[in-house]
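Here's the structure, in structure tokens; my notes come after.
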Amino acid sequence: MVLVAVFGVALLVAVLLSGLAARTVLSTSFLFLVGGALVSDGFLGLIHITPDSDIVAVTADLALFAVLFTDGMHVSFPALRSAWKNPARALGLGMPLAFVFMALVTHYLVGLDWTTSFLVGAVLAPTDPVFASAIVGRKEVPARLRQLLNVESGINDGLALPVVLLLIAAAGPAVGSAEASASKIALELALGLVFGVALPLVVSGLVRFRLLGAEPKLQPLLPLATGVILYAACHLTHANPYLAAFSAGAVLASVSPESKQAFEPLGESLAELAKFAALLVFGALLTPQLFGDLSWGGYVAVVLAIVLIRPASLLLSLIGTHFNRREKLAAAWFGPKGFASVVYGLLVLQSGIPQAEEAYTLIAVCIAFSIIAHSSTDVPVARMFHVNDLVGIPDADEPGPRTPTEANGTAHART
């Protein structure tokens, strides 16, 4: 109950400060992260959470599933068919480069063995622009930039997962099981894709029966029911839930645009709540002892991961594209480490491999620094694209209130 009360207070504070956060370097994501840290054992001691607590894995898992499900609904297949090259470059070249560069830095600066170093690189390779919503949620920002960041983040989680699992198998005691693990991982990915495509098609078909159909006020619950069934089915069958979530969202939006439109407000709110809960729990793990356990070489690796490795990797992958300099720099900077890295980092910690704790410490600190850096810089970067009003309310120096029409036309809550 204490955790629930803390979450309620943090949510109230975040909502009350969201208007200020939308115009400054403050962010609600940062508030939940700091709030979780303050009430943990490292400070006030109101809640007691350890990395192996069930609530850590559950909240991170649910948050990532919810975010990917709603992100999938933003994918437009016609738009992808006409502009697939840029995301393909980021995924096919930028992501592997970041993976390799991070592994090299981890090995030489932190001293982890090669297998564990590549494991850290795989965990930190996925990006999550949910922490840069002022960029990806604004129509003033060029569509090709928003599409690049959204598609890259939605797909790279699923691409990184099999690599993470294979490297855990290779780094663990049962090294000889890597081949069996590869086939098992391939089956889980295939099942996730099948479920993610088939279930929305079945639900869409049921709605078209003459005697069936949702009344308007219940229509938003149709995609929600689909997501709940999908989540349970994936965990019961060990199918990959993240690939299933993203593909289901994309298919549902394609075959049933009316369901997507009805569900969008509810879905975004649920995804926000799940994300905030995961941030609060993850923040509770960020104790002074955890930061103290990381070596100076580890902190250098964290800084390099954020300010050099991701930007350099993506800039190299975008050579020869039609992005202008400002768009390239914005895309290169916004490579935050988010829920996928949290979930995969917990998999590493719970795997029992020889250097699991050292790897997790590096991963956790990198995620924390990334959330702070990226969620506090999205507004300044957004203003480079002439995004002036980020939440539909005037800046302090703008006289007079705006009309409801003007406000509604630009409303967007920043997280």
Cα extents of the stretch 252-387 along the three principal axes, largest first (Å): 49, 37, 26
Take the alpha-carbon centre of the stretch 286-304, take the same for the stretch 239-261, and report the distance between them in whole Å. 38 Å
Heavy-atom accessible area of the stretch 213-285 with neighbours in place, 1.4 angstrom probe: carbon+sulfur share in percent works out to 68 percent
Fraction of accessible area attributable to carbon and sulfur, the stretch 1-75 (%, probe 1.4 Å): 77 percent
Per-peptide average of other Cβ atoms within 10 Å, ordering 294-307, 146-159, 315-328 highest first: 146-159, 294-307, 315-328
Using the Kirkwood formula over every pair of different C-alpha atoms, what hydrodynamic radius in Å results for the stretch 206-252? 11.8 Å
Residues with beta-carbon under 13 Å from that of Thr116, excluding Thr116: net charge, scoring Lys, Arg +1 and Asp, Glu -1? -3
Would you mind working out the accessible area per residue for the stretch 252-302, using a 1.4 Å probe, and quoting it in Å²? 41 Å²
Using only the Cα atoms of the stretch 227-324, what semi-axes does the equivalent ellipsoid have when each is the square root of 5 times a gyration tensor eigenvalue? Give whole Å, largest first. 34, 24, 14
Counting only other residues whose beta carbon sits under 11 Å from that of Leu349, what net charge do I get with K and R as +1, D and E as -1? -3
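The values are calculated or read from the model by the stated rules, or taken from the named source; none is laboratory data. Please read all numbers here as calculations on a predicted model, not as lab measurements. Heads up, the Cβs are rebuilt from the backbone with ideal geometry, glycines too, and the neighbour counts pull from every protein chain shown. Only protein heavy atoms, including side chains, enter the accessible area calculation; ligands, DNA and RNA are left aside. Shrake-Rupley method; radii C 1.70, N 1.55, O 1.52, S 1.80 Å.
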